[in-house]
Amino acid sequence: MSARPIGQPLDRVDGRRKVTGHATYCAEFPLEDVCHGVMVPSNIARGSIVTIDAAGARAMPGVIEVLTFENAPRLPDKGRGATEPPAGREKSLLQDNLVRYHGEPIALVVAQTLEQAMDAAAHVRATYAEEKAVLVFEEAKAQRCKPEKAGGGKPDREWGAAAQAGADARIEHTYTTPMEHHNPIEMHATIAHWEGERVTVYDATQYISGVREVIAKTFGIPEENVHAVCPFVGGGFGSKGSVWSHTVLAAMAARVVGRPVKVMVTRAQMFVNVGGRPCTEQRLLLEAQRDGALLAVEHHAVSHTCRFEDYTEACTQPTRSLYAAPRGHTTQRLVRLDVSLPTFQRAPGESTGTFALECAMDELAYELGMDPVELRLRNHADREPCSGRPWSSKKLRECYEMAAGRFGWERRNPQPRSHRDGNWLVGWGMATATYPAHLEEAHASAALMPDGTVVVRSGTQDLGTGTYTVMTQIAADTLDLPIERVRFELGDSDLPQAPVSGGSMTVASVGPAVRAACEALRAKLLELAGGDASRMYARPAAKVEVHAKASPAAEDETRQAVATRSFGAIFVEVRVDADLGIVRVPRVAAAYSAGRVMNLKTATSQLKGGIVMGVGMALLEESLLDTRSGRIVNANLADYHVPVNADINDIDVAFVEENDTRFNSLGARGIGEIGITGVAAAIANAVYHATGRRIRELPITLDKLLPLNEN
Ligand code: MOS
């Protein structure tokens, strides 16, 4: 082998299986005798069920059972046994007659076929004692409350000295982002199958060991009795990081009917029953000297949650970490609405937070008459501002330089509306991208098989991102083996335990465990060879297997002393139709400082995917809540717009060389979420440059821009 496997732009090792239809997704497991469960949604946002009539539905063809609050098995503690996020959340499990949001499951119909179950579900009738629901964010804002925590940290943070006089420029604006919903191509789905006291759950998830734990705690059974399986995921983006009601309901129904039950979340239910991004309102205040040096930053964020659990969109996180302001103050508040529970959605906090912060920085640059890149360099944080800790590694300056160069930023005339191409108003904008680097304890095993291949296993997940491929590369690299001789297995809770595939931490957590397992295997083989490496050419007669763990605790002291975060710079061109207000994004150039890159091809795809999602966030995505009923009115992919191929053009992604060994032994920081950050701000800033119109309310739709002609 010429080049080391790590870093190579290797094709996905599971690519062939996927394109030939041989990759089995959770809803596709061919279980014998499987029947179908369909959730019946509530028609009100708040109140209680007075009567529920399932008799008609029960009598319909193929119907096996209808579970309602009247006959559903009672769960210990009403099913609240596991409510600790990320895996555990407050669920709707037919334990009482209360209705807490529109679309809350009030029954589960189980039938022979999916069509029969859907038909019968439409015939379950309920009457309600309706209560007045609070659905308007603006109206509920007066009752905002302080959450216990925000994104794992304290909701409020203050640093630095008291306010200094002498600010030459001051920016204070409010930015808003709407409710959004993840919409991975693969909708959530569960097949549950009991054999005696043991249950197997095929569940589309980012967290198999979380599924095992939640099912066990919810039913009050030992974890050993639960087997969670998920070899492939068709996108997660955070919604599959938690175990939602349908997974438990599938297991409940399977136990009642004594057969495997499959529950697939419909596209409409994707907007109600599996979380989504809450709406945010963010007030940004920046004070600076004439030379651009920030004196103070303030960021006050309010986001919505439901009435029964707190989820805080931690928008202020990037502001605590991005610019070297000597004084800072950030706060997070919650507004309770009678809607379903929101959750983490790709780059939670950072995607929404960078929109506000990076637009405000652009506004400040115009106020000062300064280039926006120059302003950011002037305030580059050599240490984390809120904590004073040094960075494990940071190459943000190089990102600005690299991405600006590839984009051609030096040719920009900063004057708004200075560039016109026929009927198109052309604008260039930029923003900083950032996302924290996390890792958690992970385990892996490695086995040399009698045929000379190595099988490496870890109970992690591949969300479609390339975990199979990257772990194969890390194992092959560690063992000096060709890629073809290594097989990596994941997606089964019986494998050595790994953390949630969320927070962009799979590579940083599982990678070191895979490496440790392969090193242990090598040591074991050497031991078997009597310490004589020249005798290692012989193949073993039986499998030789070792287990290893990579624990963050081992390196904690080094890591606690440093701040760990990835960075990037993104530059975009927009073209705005001067008559119609249509916004196009013909090209994007971005560069990232994300640690060592494990696979150039899958890493580039990750970042491109994140940027595409950022285009959606900037221009298209918005879940519309009917404030009379509490129903999401555009709960389908015809009315909830995401970018399609025709919306996406040139996206140039580059990486700055980096090897962050103070973060972990692999030097990799994680790249799942940073791609979406900064994108919406860069587009909003480019729209301002193109049109002279500052839009502080996402998405930037044409109704907010028109009229654009100056006469
Ligand atoms: Mo990510 S929103 O932690 O899957």
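The values are calculated or read from the model by the stated rules, or taken from the named source; none is laboratory data. Here the structure is a predicted model, which means the values were calculated and not measured. Glycine also receives a Cβ, built like all others from the backbone with ideal geometry; neighbour counts cover every protein chain displayed. The accessibility values were calculated without ligands, DNA or RNA, using every heavy atom of the protein model including side chains. Shrake-Rupley method; radii C 1.70, N 1.55, O 1.52, S 1.80 Å.
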Helix-derived mean residue ellipticity, 222 nm - over the chain, DSSP H n ≥ 4, -39500 (n - 2.57), to 500: -7000 deg cm²/dmol
Please compute the length gained on full extension between residue 440 and residue 367, using 0.36 nm multiplied by the number of residues separating them and subtracting their Cα-Cα distance. 22.0 nm
I'd like to know which of 392, 375, 352 lies farthest towards the positive end of the charge dipole of the stretch 352-393, counting +1 on Cβ of Lys and Arg and -1 on Cβ of Asp and Glu. 392
FRET efficiency estimate (nearest 0.05) - Cβ-Cβ, residue 309 to residue 98, R0 25 angstrom: 0.95
In whole Hz, the Karplus estimates of ³J(HN,Hα) for the stretch 169-184 (6.51, -1.76, 1.60; θ = phi - 60°; x where Gly or Pro) are 9, 9, 10, 9, 9, 10, 10, 10, 10, x, 5, 9, 10, 4, 9, x
Gap in Å between the Cα centre of the stretch 307-334 and the Cα centre of the stretch 407-478? 25 Å
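Report the FRET efficiency, 1/(1 + (r/R0)^6), for residue 485 and residue 532, where r is their Cβ-Cβ distance and R0 is 22 Å, rounded to 0.05.
0.50
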Under the 7 Å Cα-to-Cβ spin-label approximation, residue 636 and residue 398 lie apart by a distance in nanometres of 5.0 nm
Please figure out what share of the DSSP beta bridges in the chain is antiparallel and state it in percent, rounded to the nearest 5. 75 percent
Rounded, prolate or oblate: which fits the chain when a ≥ b ≥ c are the square roots of the eigenvalues of the alpha-carbon gyration tensor, with rounded for a/c under 1.5 and prolate only if a/b beats b/c? oblate
Filtered trypsin sites (Lys or Arg not before Pro), the stretch 526-617: DSSP coil and at most 14 other beta carbons within 10 Å: 543
Leaving ligands, DNA and RNA out of it, work out the accessible area of residue 391 with a 1.4 Å probe and give it in Å² to the nearest 10. 20 Å²
For residue 141, give me every one of the lysines with a C-alpha distance below 28 angstrom, ignoring sequence neighbours fewer than eight places off in its own chain. 91, 132, 149, 154, 704
Spin-label pair residue 122/residue 628, simplified geometry with 7 Å Cα→Cβ offset, distance in nm: 2.3 nm
Report, ordered by chain and residue number, the lysines lying within cross-link reach of residue 549, taken as a straight Cα distance under 28 Å and ignoring same-chain residues fewer than 8 apart. 217, 240, 394, 524, 601
With a 1.4 Å probe and all protein chains left in place, how much of the accessible area of the chain comes from carbon and sulfur atoms, in whole percent? 49 percent
With a Förster radius of 30 Å, plug the Cβ-Cβ distance of residue 560 and residue 16 into 1/(1 + (r/R0)^6) and report the FRET value to the nearest 0.05. 0.10
On full extension of the chain, what length is gained from residue 162 through residue 420, given 0.36 nm per residue of separation minus the C-alpha to C-alpha distance? 88.3 nm
In the chain, taking the dipole from +1 charges on Lys and Arg beta carbons and -1 charges on Asp and Glu beta carbons about the Cα centre, the listed residue (585, 670, 128) farthest towards the positive end is 670
Classify the stretch 559-639 as rounded, prolate or oblate from the Cα gyration tensor: take a ≥ b ≥ c as the square roots of its eigenvalues, call it rounded if a/c is under 1.5, otherwise prolate when a/b beats b/c and oblate if not. oblate
Length gain on complete extension for the stretch residue 59 to residue 34, per 0.36 nm per residue less the alpha carbon to alpha carbon distance? 7.0 nm
Can you pull the one-decimal nm distance between simple spin-label points at residue 492 and residue 649, each 7 Å off the Cα toward Cβ? 4.9 nm
Keeping every protein chain present and rolling a 1.4 Å probe, give me the accessible area per residue for the chain in Å². 38 Å²
Between the DSSP loop rule and a limit of at most 10 other Cβ atoms within 10 Å, which GluC sites (Glu not before Pro) in the stretch 104-188 are left? 148
